[in-house]
Every structure is written in structure tokens, then in C-alpha cells.
1. Among the listed residues A:Ala354, A:Ala359, A:Ala363, A:Ala396, identify the single one that is in a helix (DSSP H, G or I) and without any contact (Cβ under 8 Å) to a residue 12 or more places away in the chain.
2. Being more than 14 Å from every other protein chain (Cβ to nearest Cβ), of a type in the set (A, V, I, L, M, F, W, C) and out of contact with any Pro (no Cβ under 6 Å at 6 or more places or on another chain) is the filter here; which residues of the range B:60-82 pass it?
3. Only one residue in A:Thr418, A:Thr390 is among the hydroxyl-bearing types (Ser, Thr, Tyr) and assigned to a loop (DSSP other than H, G, I, E, B). Which one?
4. Any idea how many residues of the range A:39-78 are hydroxyl-bearing (Ser, Thr, Tyr) and either within 27 Å of A:Thr314 (Cβ to Cβ) or assigned to a helix (DSSP H, G or I) (or both)?
5. Filter the helices (runs of 4 or more DSSP H) completely within the range A:687-742 down to those with at least 2 residues that are modelled with pLDDT of 90 or more.
6. State which residue pairs qualify: first residue in the same structural domain as B:Tyr194 (by the TED database) and inside the range B:239-264, second residue loosely packed, with under 14 Cβ neighbours inside 10 Å and in a loop (DSSP other than H, G, I, E, B) in any location, beta carbons under 7 Å apart, and separation of 6 or more residues or different chains.
7. Does A:Tyr387 satisfy being within 27 Å of the chain's Cα centre (by Cα), within 17 Å of A:Phe49 (Cβ to Cβ) and modelled with pLDDT of 85 or more?
Amino acid sequence: MERIEKLIDNLPPMDLMRSEKMTLVQLIIPVESAHRAISYLGELGLLQFRDLNSERSPFQRTFVNQVKRCGEMSRKLRFFKDQISKAGLLSSVHPVVEPDLELEELEIQLAEHEHELIEMNSNSEKLRVTYNELLEFKLVLQKACGFLLPSSNHAVAEERELTENIYSNDDYVETASLLEQETRPADQSGLRFISGIICKSKALRFERMLFRATRGNMLFNQAPAGEEIMDPLSAEMVEKTVFVVHFSGEQARTKILKICEAFGANCYPVPDDISKQRQITREVSSHLSELETTLDAGIRHRNKALTSIGYHLTQWTSMVRREKAVYDTLNMLNFDVTKKCLVGEGWCPIFAKAQIQEALQRATFDSSSQVGIIFHVMDAVESPPTYFRTNHFTNAYQEIVDAYGVARYQEANPAVYTVVTFPFLFAVMFGDWGHGICLLLGALKLGSFMEMLFGGRYVLLLMSLFSIYCGLIYNEFFSVPFHIFGGSAYKCRDVTCSDAKSAGLIKFRDPYPFGVDPSWRGSRSELPFLNSLKMKMSILLGVAQMNLGIILSYFNARFFRSSLDIRYQFVPQMIFLNSLFGYLSLLIIIKWCTGSQADLYHVMIYMFLSPTDDLGENELFWGQRPLQIVLLLLALVAVPWMLFPKPFILKKLHSERFQGRTYGLLGSSEFDLDVEPDSARDHHEEFNFSEVFVHQMIHSIEFVLGAVSNTASYLRLWALSLAHSELSTVFYEKVLLLAWGYDNIVIRLIGLAVFAFATAFILLMMETLSAFLHALRLHWVEFQNKFYHGDGYKFKPFSFALITDDDD
Amino acid sequence: MYGFEAMTFNIHGGYLEAIVRGHRAGLLTATDYNNLCQCETLDDIKMHLSATEYGPYLQNEPSPLHTTTIVEKCTLKLVDEYKHMLCQATEPLSTFLEYITYGHMIDNVVLIVTGTLHERDVQELLEKCHPLGMFDSIATLAVAQNMRELYRLVLVDTPLAPYFSECITSEDLDDMNIEIMRNTLYKAYLEDFYKFCQKLGGATAEIMSDLLAFEADRRAVNITINSIGTELTRDDRRKLYSNFGLLYPYGHEELAVCEDIDQVRGAMEKYPPYQSIFSKLSYGESQMLDKAFYEEEVKRLCLAFEQQIKGAGDKEPDVDL
């Protein structure tokens, strides 16, 4: 026993098995070098600061002004980004890298740029407004003439009637110019018009409103403007409608003007005289083209400025973000009494102490400070954060474990085993090497897509490799068996082989060397054989994994020096699980090796019901009956063993330790109350026996019931694997082969398409997800509940590399 | 929720219920308000709010902030969320949500009409309007000279039209008329809303009739106090009271004849729910009454909100500066 313990102690340490040793450190930084020191630490990214000012609200902290300035700067940067994207420019992909500016300089620069931009914007906006007005005027002139000419004709016609009454001789034959001249009297008669332009969407309501306001005494003409005009507020192109309203009376005029104003319709006067119209049109057009050139020049100028900003934008943004992070961190520090130093506390991994010290020295040197930065280790009361050094490959598996709960500080990390067991259990449910190859291709090609989901292309890679392996064992390629490893061990009874499916086959040579014999496929006993194989395999895998879990609890107890947990938790648990289900596994293996016909259900059931009875034909080996009785007794003993001693011993230890206050701490050298020393120190005052006992009782009951239900739960490996293979058989036989049976290319193609679709979406996507979830459950529940507390918290170092743009 | 109401509730209301519950988590907490009390400058407020749900609405405002900007942006958040819910709602919840905006609509109409009467700029008035009570042709209100025109030109298109039919006169608009118009509109609106909620039945009816009755009573008291010493006759005053509520009908008879604030008090103290409000005030005081009623209203709204029943959760306490 001792030799084993020695061996275990001398094992080389695994990075991933235990989280990094952490230490609480204190930094005393002179004010003049504080900023530099913090930014160097941010580059290093190995120190997690504790917020020493958590009782203060954000705006009461020391560096609040700087944080505000950074916020203001990032607002400006957002403004630039917005402007750049509005102008349709792309911020340059390869930004110019310049030496870092000072924050103050950057602030001034940003302010200048913003000022410049705003000025340019307002200038161009003014120009744009004038331009819009002129453009609208032009459109109104163009379109309104169309209404005015016939309407003036009409007016003149009335007029003519009048004149006809008076001067009946004056007949017709009037030229256009004469008509134009005669519109004036119409004006005097009270018929007037207002012309303008309005958004197309408002035109209908506008017309209705005019109709109501004038009680129908108006004539409304409209025509689409044809050109889209930019709305200066939203900078969107809007469709507009030119309108002309004819009305009479002064009151109506004021009303209509008010309504125009309310609807945001711009009114433009159109002269009646055609020559005047033409003249104005000409003037407006020339103005317009002038303005257009000015506007274009302005936009070019603005784009140039924006492009030059765009070159630096990425760099500036990251710089501001870093500065903000630095000041946010500085806000977590406390001033010491003299107000000359900042005091900070934080967690760092022990291996990083030298690097941190070096960075701090560099900071002192670079800021030419007189006083160095003091860096020393402190005693911690609370439990340190959990920090695993992972790489691209292990990170995804660590994430899978962390999704359940972050490991308690320094407890055994299930991720070490998850790396292999997770993809393997997945593959047991997803065993088909055709599908496995598809997954593999997916992992190689579509890696970036999965990266978004779980950061886990490596998970997918291993899952697919194991699927290929398990698929070879199950001998399924899209549910079709192949003779890869030589010929089948079975052959027909007679030469014709017509009744192979009904009469059965005979074995004529050595077993098929690897995996399931292809002849099982389609035979009468295919399902019973595969079910029995997969069911037994599931139980073996499950018992193995649960044993691993309990063994890990032993390592945990050793690591935290809790012999109590080893003696009264690990040992009885081990005995209980293995005397029942370990024994079952043994029986399975023996049955496989000997080819015995014994009924294992019968053996297991009667082991409980009548252990003393003779096993009869179900006996697998000599001495099975006494062994069963011994195992049953052991299992019965194990239950009170794990239930009672621990709480009573804890109670005894507690009363021993605190019977005399003065001797309190000395007694605790050997047995520590709890695996976690800190929380024990906090809680030792109120030792509540009933609480501890109930807790232990729940644990024991959970374990005893769990041993049964968890083993049963591993049968999902068989169930999902069965479902997968049956589904793929159905798709292969009932879709692909059925379609292939027809001699029609269209039906064949449709069959092929349906098969491909079903394979891709149902088997490759849905089944992958479900197998993934079940593998996840087996790890989280069945495996990790044996040893994993998962109540730690993650190490979140202050690091520039980890600052993302989520605050934007 | 009673009986089988809960059984089918989620078919229509489930999504919105989830949204409302989500918004509840976004409300400012007591700690937030404590911190806001400690703020010394408006920038501090912005900084504090940036950590809350209001952050995205304020983050792009340049630094010299104005109180109006903050209020505007925070209201914008409320309005955005309300409009989102309105879009997602199905009948009869959508109608219910529409009803809630009518109150703001009435206020906006009155604001514009009064403003125009005093020759203010329409654009300026529009900015002051509550965004929930906006409708398409609201700017055109300025054109109208009297109530008949107001109705015929603009309001006939709005949901307020049926309420307006009671107060159409050809009189020119003046302050008094406008005030009467506002109260007539409110009376019609509250009665209609009350009827609608009764029609819906169930929990909505119970909760909303309680809230609406309180609102009606509050308005009745306000009308009484404001009309003391004006030329409004008792009968006219009586006509402005809504025909439901705790005070209806006997309380209304008493209120209609009140000549000073203490008589109002005497009339109101007969009703236990209002006794507590009046007991906080000293005799002859009417200034604090508004505040006391407002507090009571907020309390009732909060209780309704806590019950988490459809539609009752839409009045969020907003940032109060």
C-alpha cells in the first residue's frame, strides 16, 4: 500500500490534472509609475486584480475622469466609424502601425478630427439643403408647367366665355403666347394656385386634408417627381411628388400654407409666364450644376479626410480600449495613507511571479521612478481562482467541463480524461465509418463554422476519428457491411444458399478478425446479436468510467490530505459499485471468453432473491455461489459504512478541537475538517451535526441509487447506437435501394437526393447533436458526480489580449 | 389569473409575457437609484446609466449633456420597447395596448391646440409631445380655429374621433374650452377603456377596472378643485365626471356642489381608500394632493405589475430626474 502511495506521489505532475497553484499578491506602486506598470501587466496578462473599491460606485473612484475621457474618445471613434461606413468607404484592412501616441495627444487629435468632420458635415449639409431646394424647385417647375398649361387654358376658356358674351365677334384663333398673356385676368378673378413638392408617402393624406380644409373648393394635381431627393435628416433617398393646388380666396390660402407647413411640403412659386418659367429654369439649372460641383468637391475632401482617419482607426480604437482597461484596473486599486502609492491586490499563478516582477521592474525603469514597485505574497482567506493552462486542442474539452461548473481550486480536472472519453462515447453512439468520414471532412473543411459553435474543431476531429473506428468495429458504412478484414467466418449450409436468412449459417473458419462479422447483416439473428453485444459493451464502458470517477475522488482526497474521505467514502463506494456491477462486468467478460450459454439476468436477479440457491446451468465458474454471497454481504456492509462513520468522526474531531479554546489549532494537524481549509476556518464555529448527517445521508443514498441508475443510464450508448444504425438502414434500404430498383433515371436521381438529404440533415446533423448531448450528459452526470465539485471560479487575468469589443 | 385563463394564456401572450419579464430585469434597482442620488454631474449619471439597460441609448451622446437629452433618450427606450410589444401583440392585447396610448394622444392634442392658441411654433410643440401619443396628422392641428374644425380636419381620422363627438361646439378655442375639451375627452376615453376591459373579463377586467376607477376618481377630484372659483356651473362640472369609479354616483353629487378644498376633503374622506391620502395632508392644502395621488397611483401600478398579468406590465417606472 505504501509503495503504491509512493509511486503515486512520484508521478510527474500533469498540467491539466490540477489547476495552477495560485497566490494572492500585493502590489504597492508609486503613483508616477502606476499607469505604465498596469499596462505592462496587461500585456503580460497573468494577474487578476481584486476590486478593492467595490463599495464605491463607478463615478466615485479615483480615475473616473480618465475613464470618462476614454469613453468620450471611444464615442468619437464610433462616430468616425459610423461616418466612414455611411460614406461607403471601407476602413483599411491593413492599418498603418504607428508608434503609440500619448493619450493626451490622441485626445487632441481626435477632437480636431471630430471638429473638422462636423464642420465639413454641417457645410455640406447646408449646401445639400440649398441643392435640394433648387432641385425641388427645378422639378416643380418642370412638372407644374404640365398642370398649369391646361389649367390656364381652362381658365382662359372661362374667360373667353365671358369675353364672348361681351365681344361676341372675338372668336378664337389665338396663339399660345396670347393665351399666356390672358391668364392674368384669371388670377384677378380669385383663382390662384400654390405649387410645391411633398413626400410621396404623405401625398394622399395631404390631399385629403386639403380637401377637408377647403371644403372641396380646390383642385389638386400631382405628378411623381421622377428623381429621388435626399432627406437631409436621415440621409436617405426619398421619392417625392410635385403638386399644384388651385383654390380661390385669401382664407383658403393661409389654411393651405399652414397645412403645407404641417406636412413638411415645400412650396415654390411658379410664374405663369412661360418665358419667365424658362428663364428661371435655366437659372436654376445653372445654379444646380455649380452647386453640384461644389458638393462633389466637398464630398471628395471629406472622403479623403475619412480615409486618412480610417488608416488609423483600428489602432486608435484598440489603444483607447486598452487605456480604458488600464484605468478601470487602476480604479480597483486603493491609495495608501500617504497618497503617494497605489495598493493593489490580485491573484497570480506562482510560475508567473518572476515574469510579473520583471515587468514591474521594467515599468519602474521606463518611468524613471525613484521608488521601485513592491511586490509580495500575501496570505489568502478565500479560495483562489482556478486556472488551467490549455492549448488550442485541450481548450475545447476544458470548455465542455467548465460549462458544467468550474473546478474547485486544485481539484482533479475531468477534462484530462474527457479529451478521449468524450469523443469515444460519442462514437459508440455514432458508429458508422461512412458517416464518420463525412464528419471528418466537415471537421477539416468547415472548421471555422464549428469554431463559432464550440470553439471545437478538434472535438469534431476526434469525434469523427473515433466514429470511423467504432464504425469499423460495427462494420457499418452507411449501414452497409464490408469485407475489409478478410472473408466471413460463416457460410451457407448448402450450395444454393437460398434460405440463408431463414435457416441460419454454419461457422467454418476462424472468427472475423476485426469487428462484427459482415454476415450478421440481414440475418435472422442480427438484432438479438448486436443488441446483446452493444448492451454488454455499454455496461462495461459505464462501469469502467464510473470506477475512474471514484478513483479520481481518491486522488482528490489524497491531494487534500483527507484520509477520512478515503476510508469512509472512497473505499465503501468502490466496494459497493464493484461488488454489484463490477461483478456483472466480470460475468460478461467470462461469458464472452468461454462462450457460455448462462443467463446473466437470471444470475444477477437471483443473486439478490435467493443467494444460497444452486446456480444450476447458469454457473460460469467454480466457486461462483460463495463469491456471490461474499459480494452481496460486502455491498450490504458498504452502505452503513459510507453513511454513519464520517459524520460521527467529524463531530468527535470538532469537539476535541474546540474543547479548550487555547489548544484549538494544534489538534488539527493531522485531520483537516474539510477538503477546503479556508471555508473550514470560516465555518468551524457552528458545527451542526444534524446538517452534516443529513448531508452525508443524502450523499450515500444518492450514491447507492446512483450506482443502479447510472449503470442503467449507460445503456443509452446501446440505445442511440441502435437507433442510428436502424435509421441509416431504413434510409439505405427503403429509399436508395427502392429507388434504384426502378429503371428510371428520374426516380433514381430523386431517390439519391432524398437519401443524401436524409443522411446530411437527419443522420449527420440531428444524430450528431443528439449523440453529442448524450455524451455530454454521461460525462456531466454519470462520470463527474463521483468526484467533481465544480464550485470554483475562473481565473480572469487583466489582459489586453482578452479585451474584446463587446463594450461597443 | 383565474380558472382556465392560464391554460391558453401562452398561446398569444407567452412571448410578450417573456419580454415583459425580461424588461423587468432591466429596470433600475434601488441601489441604482441610490447611486444616481450620489451623482454630482450629468456625466456621472450617463456613466452610471451606461452600465444599465439605458446604456446603449446614451452612449453616443456627446459630452455636455442636457437633462432633456437624458430624459428624451430614456423615454425613447420605453417607446421603442412599447412599440416592439405593440407589433408583436395579437388581439385583444394589441387593442389594449393601443388604448393605453390614447391618453398620451389626448394630452398631445391639448398641448398642440393650447400652444397654437398662444402662438407657439408648431415644431417646438411637437418636440414636447409624448412620442407614444403621436399620430400622422398631428401637426395639422394648428390649422383648426374651433372645435368643429378640429374634429372635421384632423381628429376624425384618429381613434379619438368617437370621444370627440360629445364636445363639438362651434365656439372658438380658448383656455377654458380646451380644458373642458380635455376633460370631456378623458371622460369618454376612460369610460370606453373601462367598457373594453370589462368586455375582456377575467384578470384584466379586475385589475384594470381598479386602476381605471382610481384614475377616474382622481380626475374627478382634480376637476372639482380646478373648477372652484371659475364660471363652470355645477351641472357642467357634474358632466365632466366619468360614469364609473368608486365615487360614482353619490360621491359625484357631493363633489359637484363643493365650494372649497375642505368640502372636497369632507366628501372624499367617506371613502376608505382615499382617506389615507387625505390624512397625509393638512387642511386647506391642495398643492401636495397631486403628489399624494401620484404616489398612490405608482403604488397601484407597481402592484399590478408585480401580479405579472398581461398588459398590466407595460407601465415601467422610468428614470425620474
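1. Values: A:Ala359 fails: without any contact (Cβ under 8 Å) to a residue 12 or more places away in the chain; A:Ala363 fails: without any contact (Cβ under 8 Å) to a residue 12 or more places away in the chain; A:Ala396 fails: without any contact (Cβ under 8 Å) to a residue 12 or more places away in the chain.
After applying the criteria, what remains is A:Ala354.
2. Correct list: B:Ile70, B:Val71, B:Cys74, B:Leu76, B:Leu78.
3. On the way: A:Thr418 fails: assigned to a loop (DSSP other than H, G, I, E, B).
Among A:Thr418, A:Thr390, only A:Thr390 is among the hydroxyl-bearing types (Ser, Thr, Tyr) and assigned to a loop (DSSP other than H, G, I, E, B).
4. Quick first cut of the range A:39-78, residues hydroxyl-bearing (Ser, Thr, Tyr) only: A:39-40, A:54, A:57, A:62, A:74.
Pick out the ones that are also either within 27 Å of A:Thr314 (Cβ to Cβ) or assigned to a helix (DSSP H, G or I) (or both) and you get A:39-40, A:74.
Count: 3.
5. Values: elements: A:689-713, A:716-730, A:738-741.
Helices (runs of 4 or more DSSP H) meeting the threshold: A:689-713, A:716-730.
6. Cβ pairs passing all conditions: B:Ile261/B:Gly284; B:Asp262/B:Tyr283; B:Asp262/B:Gly284.
7. On the way: within 27 Å of the chain's Cα centre (by Cα): yes; within 17 Å of A:Phe49 (Cβ to Cβ): yes; modelled with pLDDT of 85 or more: yes.
Criteria met by A:Tyr387.
Results for (1) within 13 Å of chain A (Cβ to nearest Cβ); (2) crowded, with 19+ Cβ neighbours inside 10 Å, shown as yes or no for each residue.
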site: B:Leu111; (1), (2): no, yes
site: B:Ala139; (1), (2): yes, yes
site: B:Asp174; (1), (2): no, no
site: B:Met208; (1), (2): no, yes
site: B:Leu212; (1), (2): no, yes
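The values are calculated or read from the model by the stated rules, or taken from the named source; none is laboratory data. These numbers come from a predicted model, not from an experiment. Note that each Cβ is placed from the backbone with ideal geometry, even for glycine, and that neighbours are counted across all protein chains shown.
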